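To start, the structure under review is shown below, and the notes come after it.
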Amino acid sequence: MLKHFTHILSFFIFMSLSVMSQSCSDNKNEPEIISKRTVLVYAIATNSLNGYDDEDIDEMKKAIVSIGDSDCRLLVYRVSYNNAVPKLFEIYNNNGKAATRVLKEYDATTKQSVTTRRMNTVIRDAISLAPAKDYGLVLWSHSLGWALTKSSASDKRLRNFGEDYGATMPIDSLAYAIPDNTFSFIWADA
């Protein structure tokens with residue numbers, strides 16, 4: 001199942017990013033470059049998915065290399081047992097090789113990645129650090145809601161996204177964390 005996901009993710013990144021480029025500049029006098037699209041992957045693996053995040057990031061790197069240059073960007077917010085300090089980083093094509101650069105580190109207090117404040121902050125940071133004409137969001141972690149039974153369907157506590165050291169984010173909080181009219185698509189890989 002994981003292999004199937006990675007192929008789908010590679011295809012998705014390939015289609016979404018068609019061709020990747022670096023749009024950062026250290027020169028303060030140069031105008032800020034607005035990319036065609038920025039995709040943010042919000043990945044929480046402080047749960048039984050720990051380690052699978054490494055595999056999926058490797059797949060994203062392969063996809064970026066296979067795409068070549070473009071005016072799109074791929075950002076990943078990631079926290080896992082192996083990478084306990086949450087980071088927002090970019091995966092990009094550097095002369096035919098996948099490279100990453102950390103854009104921001106966040107407070108490593110556990111269970112923060114499933115709070116409205118953290119998710120909203122990460123989204124706003126992604127928009128600020130990788131401005132684009134269009135944005136996409138991939139929610140990567142565990143979730144619950146699809147497996148509800150008829151008797152449990154009305155229990156809102158059972159509809160959630162993410163699992164950060166056992167804590168989850170209710171769907172209502174998730175909706176509140178995502179700014180209106182920001183993303184042209186939201187893909188749940190959960």
Kindly list, by first and then second residue, each pair from a residue in the stretch 117-128 that is under 11 Å from PRO179 (Cα atoms) to a residue that is open to solvent by less than 50 Å² (accessible area, probe 1.4 Å) and in a helix (DSSP H, G or I), limited to pairs with Cβ atoms under 8 Å and residues at least 6 apart or on different chains. MET119/LEU174; MET119/ALA177; ASN120/ALA177; ILE123/ALA177
For the stretch 133-158, enumerate the residues that are within 28 Å of ALA108 (Cβ to Cβ) and modelled with pLDDT of 80 or more. TYR135, GLY136, LEU137, VAL138, LEU139, TRP140, SER141, HIS142, SER143
Reported set for the stretch 39-93 where residues are part of a strand (DSSP E or B), within 16 Å of HIS142 (Cβ to Cβ) and open to solvent by 10 Å² or more (accessible area, probe 1.4 Å) is ARG78
Name, by its number, the condition in (1) of a type in the set (Val, Ile, Thr); (2) modelled with pLDDT of 95 or more; (3) open to solvent by 40 Å² or more (accessible area, probe 1.4 Å); (4) farther than 18 Å from VAL138 by Cβ that does not hold for THR116. (3)
If we scan the stretch 84-107, do we find a residue that is among the hydrophobic types (A, V, I, L, M, F, W, C) and touching a residue at least 60 places away in the same chain (Cβ under 8 Å)? no
Scan the stretch 36-73 for residues that are among the small types (Gly, Ala, Ser), within 19 Å of VAL114 (Cα to Cα) and in contact with a Phe, Trp or Tyr (Cβ under 6 Å, 6 or more places away or on another chain) and jot them down. ALA43
Answer yes or no: is there a residue in the stretch 100-109 that is closer than 28 Å to ALA167 by Cα, surrounded by 22 or more Cβ atoms within 10 Å (Cβ to Cβ) and modelled with pLDDT of 95 or more. no
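The values are calculated or read from the model by the stated rules, or taken from the named source; none is laboratory data. Remember, predicted model here, so these are calculated numbers, not experimental data. Glycine gets a Cβ as well: all are built from the backbone with ideal geometry, and neighbour counts include every protein chain shown. Remember, those area values only see protein heavy atoms, side chains included, never the ligands or the DNA or RNA. Shrake-Rupley method; radii C 1.70, N 1.55, O 1.52, S 1.80 Å.
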